[in-house]
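Read through the structure below, which is laid out as structure tokens, and then see the notes.
The values are calculated or read from the model by the stated rules, or taken from the named source; none is laboratory data. Every value quoted in this text rests on a predicted model; they were computed, and no experiment measured them. Reconstructed Cβ throughout: ideal geometry from the backbone, glycine too, with neighbour counts over all protein chains shown.
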Amino acid sequence: MSRRIGILGGTFDPIHQGHVDLGLAAEKALDLARLFVIPTHVSPHRSESFASTFHRFAMVALAVSGRPGWRASDLELREDAPSFTFATLRRFHERGYTPTEMFFVIGADAFVEVDSWKEYPSILDAAHFAVVSRSGYSVEELPRRLPGLSSRMVGPPLDESAASGPVIILINAPTADVSSTAIRRLRAEGRPITGLVDPGVQQHIEQHGLYTSKLPDRRGPDGSPEPAAGRLHGQG
Ligand code: ATP
């Protein structure tokens, strides 16, 4: 049985169909035995109208349920502070996975910035990178956008006898043209998000009123903070 694992990190605020398509494209192209979906820490200075860490994890758990081999992982959230990707990859090495068994799954929009990452370029030796097209960011552009890395770029399926170490696999598969930002905006405008997120995730967002509150600390008419119901709106 394949020992290959995929690692898909993101803020997932919320997890949406584009993320699912990204994971499915990598799983199919690379015959992955497992896909770990790992929510990352986000800055505590972000707007309070975004979802809490607990809700982000819950939504990832709902999105992976019913998908054999997919796992929601709290590996990064258990840390006190944001983890760099190289540290997460090292955790998997400590668990016994070799770099050539690991595939860091990422959209082409995010991968073009890899040269600004901590531990670049050695991070590229810590795992294969499986890069998937995103609307407006085709992987076909990558050899031109990142010429210094073009010699490491290959197409699927991966020929393990030809590659001596980790490579960058370009997967040109269609993924839903959606972003978490667009979903938050639709919710703030009171518009539907049906089809853009998994049905279980949609139900969670609606049940908890996520992404609808702009100012959770707004004050009552006499200037005093609104009671609990006001604070809970959009966050409970
Ligand atoms: P935001 O709108 O809040 O910036 P996002 O929708 O871009 O969020 P992230 O959680 O930041 O989502 O993305 C995590 C990973 O998923 C990144 O590698 C990103 O490139 C990829 N990704 C996100 N949306 C898509 C999509 N629609 N198609 C393909 N890849 C995607």
Exactly one of 56, 34, 4, 67 is farther than 26 Å from residue 172 by Cβ and of a type in the set (Lys, Arg), and that one is 56
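From 115, 109, 125, 159, grab the single residue that is under 18 Å from the mean Cα position of the chain (by Cα) and of a type in the set (Asp, Glu). Walk me through how you get there before you give the answer.
Working: 115 fails: under 18 Å from the mean Cα position of the chain (by Cα); 125 fails: under 18 Å from the mean Cα position of the chain (by Cα); 159 fails: under 18 Å from the mean Cα position of the chain (by Cα).
Going through 115, 109, 125, 159 in turn, the sole match is 109.
Quick one: is residue 20 within 11 Å of the ligand (Cβ to nearest atom), buried (at least 16 other Cβ atoms within 10 Å of the Cβ) and not in a strand (DSSP E or B)?
Yes; evaluated as a whole, the condition is true for this residue.
Hey, among 200, 230, 234, which residue is assigned to a helix (DSSP H, G or I), at pLDDT below 90 and within 29 Å of residue 56 (Cβ to Cβ)? Explain how you work it out, then say what you get.
Values: 200 fails: at pLDDT below 90; 234 fails: assigned to a helix (DSSP H, G or I).
Selected residue: 230, the only one of 200, 230, 234 that is assigned to a helix (DSSP H, G or I), at pLDDT below 90 and within 29 Å of residue 56 (Cβ to Cβ).
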Where residue 57 falls short, out of the listed (1) free of Cβ contacts under 8 Å to residues at least 40 places away in the same chain; (2) more than 14 Å from the ligand (Cβ to nearest atom); (3) part of a helix (DSSP H, G or I): (2)
From 92, 86, 103, residue being within 14 Å of the chain's Cα centre (by Cα), at pLDDT 95 or above and more than 28 Å from residue 210 (Cα to Cα): 103
Within the bounds of region 135-158, is there any residue that is without any contact (Cβ under 8 Å) to a residue 12 or more places away in the chain and within 13 Å of the ligand (Cβ to nearest atom)? no
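Does at least one position in region 142-154 carry a residue that is polar (S, T, N, Q) and within 22 Å of the chain's Cα centre (by Cα)?
First, pick out the residues of region 142-154 that are polar (S, T, N, Q): 150-151.
Still in the list and also within 22 Å of the chain's Cα centre (by Cα): none.
Scanning region 142-154 turns up no residue that is polar (S, T, N, Q) and within 22 Å of the chain's Cα centre (by Cα).
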What pairs come up if the first residue lies in region 172-193 and is under 24 Å from residue 132 (Cβ atoms) and more than 7 Å from the ligand (Cβ to nearest atom), the second is not in a loop (DSSP other than H, G, I, E, B) and not hydrophobic (A, V, I, L, M, F, W, C), and their beta carbons are under 7 Å apart, counting only those six or more places apart or on different chains? 172/140; 193/187; 193/202
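Identify all residues within region 12-49 that are among the hydroxyl-bearing types (Ser, Thr, Tyr) and out of contact with any strand residue (DSSP E or B) (no Cβ under 7 Å at 6 or more places or on another chain); write none if there are none.
Step one: filter region 12-49 for residues among the hydroxyl-bearing types (Ser, Thr, Tyr), giving 40, 43, 47, 49.
Residues satisfying the conditions are 43, 47, 49.
Taking the conditions exactly as written (more than 8 Å from the ligand (Cβ to nearest atom), hydrophobic (A, V, I, L, M, F, W, C) and crowded, with 16+ Cβ neighbours inside 10 Å), does residue 30 satisfy them or not?
Details: more than 8 Å from the ligand (Cβ to nearest atom): yes; hydrophobic (A, V, I, L, M, F, W, C): yes; crowded, with 16+ Cβ neighbours inside 10 Å: yes.
Taking the combined requirement at face value, the residue satisfies it.
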Pairs returned, first residue in region 13-37 that is within 15 Å of residue 102 (Cα to Cα), second residue that is in a helix (DSSP H, G or I) and of a type outside the set (Gly, Ala, Ser), beta-carbon separation under 6 angstrom, 6 or more apart or interchain, are 35/27; 37/60; 37/64
Filter region 111-134 down to residues that are farther than 22 Å from residue 4 by Cα, crowded, with 19+ Cβ neighbours inside 10 Å and away from the ligand (no atom under 13 Å from the Cβ), then give me how many there are. 0
